[in-house]
Amino acid sequence: MFTRRTVLAGTAAAAALTTLPALPALQTARAAGRAAAAAPVAYRWRNAVIGGTGFISGVLFHPAVRGLAYARTDIGGAYRWDDRAARWTPLTDHLGWDDWNLLGVEAMAVDPAHPDRLYLALGTYTQSWAGNGAVLRSEDRGNTWTRTDLTVKLGANEDGRGAGERLLVDPRDSDTLWLGTRHDGLLKSTDRGATWAAVGAFPPAPSATGQGVTLLVAAGRTVYVGWGDADGTTANLFRTADGSTWQQVPGQPAGTAAKVPIRAAYDKHTRELYVTYANAPGPNGQSDGSVHKLATTTCKWTEVTPAKPGGTTGDGSTDSFGYGGVAVDACRPGTVVVSTNNRWAAVDTLYRTTDGGRTWTSLKDTAVLDVSETPYLKWGEAKPKFGWWIQALAVDPYDSRNVVYGTGATLYGTRDLRNWAPRIRGLEETAVRHLISPPVGKAHLISANGDIGVMYHESLTASPSRGMAANPVFGTATGLAQAAARPAYVVRTGWGDHGNGAYSNDGGRTWAPFAAQPALGKDAPGPIAVNADGGVLLWVFVHWDGTKYPAHRSADNGATWSEVPSFPKGATPVADPADPTRFYAYDTDTGTLFASTDSGRTFTARATGLPSGDSQFELVAAPGRSGDLWLSVKWNGLYRSTDGGVSFTKVDSCSAAYTLGFGKAAEGADYPALYLVGATETITAVHRSDDGAKSWVRINDDAHQWGWTGETIAGDPRVYGRVYLGTNGRGIQYGDPV
């Protein structure tokens, strides 16, 4: 059930890429041979600070080491808390392009008897197109790793990702580990995670769908397992006292067989196991739930639900929700904290009891939230929410008043049970869609992102002081563009409740919505382009299900729009940076470059026979030049046109190209620096070229790979060598030569 491979955090496997031949219709570069990649150039890589922005799916204090904690995320890897520096250290940035599916952390475990040991179960998706999961094990708190590849899939970004933990060190034997899977039952290792085998004696039958094992927890020397596929009549909690024989936990409360056990925590002082339940695995879709405790010595169950779902709020809305996180206070018997989850009407809360669940207090009711360090958490409102998607929850075993909980965007912490603030420094989980580095102005970076819209980065070392771009606020941004000859003019598009397009006349600091928008903007907002002088907009519409629609044009700053029938449906428009009458678009369905010379009114085909059918492509225009186009087409490589798309030449210096950007030229160079995510030999990496793509140097290293990085890259036009890189779950990385 495994293959075995040993790696260090700074070592990556080479990704074998196939170079597809250029099509006959293309001009072929007459290079003497592919240029050899030069030795890597030393770079310092850091996050452009936003702070969190994604779902914190698990947080865990070490029970035997004061100040040591770990966090896991659904798509952005795992982190270790540095108590002295009060920040998180990323532990999985070494995972490279081929291992993108391992940036989702399904579960984590520590060994109370061996404080330096840490285990991670990795795997983001269980679909057929995703790779199998893996287990990483460390003897030095995640500084270096040994890896075992599994033959089963894990689903850290699927329903149920906030449940758990699904990984556990056996309380009787540090060499034995348990791993719960979604579709392949319960696995066991007797050699500290080096090899794994299915537990045939575990009663529930695995299913190709559903949740499978949702949690593993030790209560004394007994291991309890939650099962998420109960049919409403059978038990969903099992236990073993010897590691070999299993039984249903008797007397399970009425109604819980129809629910999913989400999380569990054991109070060693009272010998009681607390379990949270919901009618769906979450974090979405829960509308009912409860909390129960089990006296493990007598098997007596007691319901201790703080508040019953299903009532009404002050405005008449139905107060539906489930229960998620649960944590016991190791210092105070009978003191427990639980969280509601998916409680949108009344907003999620934490409930705390000091008497074993007889009475509860809502910590939200007295909470004072300070989000000055991450202002985006106000989401365009006057004050932030206490939380949503609260399933990660922990109480410091050495400090009863040190409580942390995760939300869909951050990790809040308190030291006094009243004042709360994001405890998120160093943890960046943004999925980045588009990056612009303006040639002038206060901001060196503007970003378009998943979930948090557009950010204006006046500083790279602090979360944007203006928070999410407002008027209107977007959830996920789908487009971002700047007028090349009028950089104060910027436009953006995305998913918003009060409009889907906006413009700025001050370089992205402040915004106003378009006066009107096509009807398609509400349900299918796609990318947008603005011509060089800011006088013409082209907005493309693509539904989330992939349906493509015609582009629309505006010549009056979004007051009126007209359809452009000749524009290839779904293509991304690109403005010529020097000639305001020119736009370009690459139709990947037919492998055709289209161009407009009448300010976007009509488009005609130019080069044909380009690679088609590839889902990953990008067309970009070199700054300050008219008709200088670069086309990156995934495994087909990189192509260039210097005649406005009439013809293209295949660039022979790289075999794969995913995203391309430009930055300030090197001293003495007559062409902007090029930045590429792609392969010049065999490894997919981040590269820079100072000679117009004749040769490349790798600028990231094996310790800084961040999984999938093929969405967007941008060089800084004012700082030579600086590059901004968008990741899919590790935020915006920026690098400077050292």
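The values are calculated or read from the model by the stated rules, or taken from the named source; none is laboratory data. Predicted model, so just to flag it, every value in this text is computed and none were measured. For neighbour counting, all protein chains shown are included, and Cβ atoms are generated from backbone atoms with ideal geometry for every residue, glycine included. All accessible areas refer to the heavy atoms of the entire protein, side chains included, with ligands and DNA or RNA removed. Shrake-Rupley method; radii C 1.70, N 1.55, O 1.52, S 1.80 Å.
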ask   = If you check every pair at least six apart or on different chains, which have Cβ atoms under 9 Å apart with a residue in region 256-277 that is surrounded by fewer than 24 Cβ atoms within 10 Å (Cβ to Cβ) first and a residue that is of a type in the set (Lys, Arg) second?
value = Asp267/Lys293; His269/Arg332; Thr270/Lys293
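Among the listed residues Trp635, Trp708, Trp630, which satisfies the condition of being in contact with a helix residue (DSSP H, G or I) (Cβ under 6 Å, 6 or more places away or on another chain) and of a type outside the set (Gly, Ala, Ser)?
Details: Trp635 fails: in contact with a helix residue (DSSP H, G or I) (Cβ under 6 Å, 6 or more places away or on another chain); Trp630 fails: in contact with a helix residue (DSSP H, G or I) (Cβ under 6 Å, 6 or more places away or on another chain).
Of the residues listed, the single one that is in contact with a helix residue (DSSP H, G or I) (Cβ under 6 Å, 6 or more places away or on another chain) and of a type outside the set (Gly, Ala, Ser) is Trp708.
Any residue at all in region 191-199 that is under 27 Å from the mean Cα position of the chain (by Cα) and outside any loop (DSSP other than H, G, I, E, B)?
Just the residues of region 191-199 that are under 27 Å from the mean Cα position of the chain (by Cα), to begin with: 193.
Then drop every residue that is not outside any loop (DSSP other than H, G, I, E, B), which leaves none.
There is no residue in region 191-199 that is under 27 Å from the mean Cα position of the chain (by Cα) and outside any loop (DSSP other than H, G, I, E, B).
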message = Residues that are in contact with a strand residue (DSSP E or B) (Cβ under 7 Å, 6 or more places away or on another chain), closer than 19 Å to Ala555 by Cβ and modelled with pLDDT of 95 or more: list the strands (runs of 3 or more DSSP E) wholly contained in region 434-514 that include at least 3 such residues.
response = 474-483, 486-496, 501-504
Some residue of region 280-300 being within 15 Å of Arg358 (Cβ to Cβ), in contact with a helix residue (DSSP H, G or I) (Cβ under 8 Å, 6 or more places away or on another chain) and assigned to a strand (DSSP E or B) = yes
request  = Restricting attention to region 171-206, report how many residues are open to solvent by 40 Å² or more (accessible area, probe 1.4 Å) and small (Gly, Ala, Ser).
outcome  = 5
ask   = For the subset of region 38-60 comprising residues that are touching a Pro at 6+ places or on another chain (Cβ under 8 Å) and outside any strand (DSSP E or B), which member is modelled with the lowest pLDDT?
value = Val41
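Restricting the search to region 574-592, which residues are open to solvent by less than 10 Å² (accessible area, probe 1.4 Å) and in a loop (DSSP other than H, G, I, E, B)? Steps first, please.
Our first condition is that a residue be open to solvent by less than 10 Å² (accessible area, probe 1.4 Å); within region 574-592, this holds for 576, 583-586, 591.
Within region 574-592, Asp576, Gly591 meet the criteria.
Out of Arg486, Arg492, Arg509, which single residue is among the basic types (Lys, Arg), crowded, with 22+ Cβ neighbours inside 10 Å and out of contact with any helix residue (DSSP H, G or I) (no Cβ under 6 Å at 6 or more places or on another chain)?
Working: Arg486 fails: crowded, with 22+ Cβ neighbours inside 10 Å; Arg509 fails: crowded, with 22+ Cβ neighbours inside 10 Å.
Going through Arg486, Arg492, Arg509 in turn, the sole match is Arg492.
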request  = For Arg34, state whether it is assigned to a loop (DSSP other than H, G, I, E, B) and either in contact with a Pro (Cβ under 8 Å, 6 or more places away or on another chain) or modelled with pLDDT under 50 (or both).
outcome  = yes
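For residues that are aromatic (Phe, Trp, Tyr) and open to solvent by 10 Å² or more (accessible area, probe 1.4 Å), scanning just region 317-359, find the one that is nearest to the chain's Cα centre (by Cα).
The qualifying residue nearest to the chain's Cα centre (by Cα) is Trp344.
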inquiry  = Residues that are assigned to a strand (DSSP E or B), open to solvent by less than 10 Å² (accessible area, probe 1.4 Å), farther than 15 Å from Ile50 by Cβ and not hydrophobic (A, V, I, L, M, F, W, C): does region 382-398 have at least one?
reply    = no
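Would you say Ala477 is farther than 21 Å from Arg46 by Cβ and open to solvent by 10 Å² or more (accessible area, probe 1.4 Å)? Spell out how you get there, then give the answer.
Values: farther than 21 Å from Arg46 by Cβ: yes; open to solvent by 10 Å² or more (accessible area, probe 1.4 Å): no.
When the stated conditions are applied, Ala477 does not pass them.
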ask   = Within region 528-550, which residues are open to solvent by 30 Å² or more (accessible area, probe 1.4 Å) and part of a strand (DSSP E or B)?
value = Val542, Lys548, Tyr549
query = Across region 153-169, what is the number of residues that are assigned to a loop (DSSP other than H, G, I, E, B) and surrounded by 21 or more Cβ atoms within 10 Å (Cβ to Cβ)?
reply = 11
message = Can you pull out every residue in region 399-426 that is open to solvent by less than 10 Å² (accessible area, probe 1.4 Å), under 13 Å from Ala69 (Cα atoms) and either in a loop (DSSP other than H, G, I, E, B) or out of contact with any strand residue (DSSP E or B) (no Cβ under 6 Å at 6 or more places or on another chain) (or both)?
response = Asn402, Ile424
note = Taking first residues from region 135-149 that are within 22 Å of Pro63 (Cα to Cα) and open to solvent by 30 Å² or more (accessible area, probe 1.4 Å) and second residues anywhere that are aliphatic (A, V, I, L, M) and in a strand (DSSP E or B), the pairs with Cβ under 6 Å that are 6 or more apart or on different chains are Arg141/Leu118
task = Find the residue count for region 98-136, including only residues that are among the hydroxyl-bearing types (Ser, Thr, Tyr) and either in contact with a Ser or Thr (Cβ under 7 Å, 6 or more places away or on another chain) or part of a strand (DSSP E or B) (or both).
result = 1
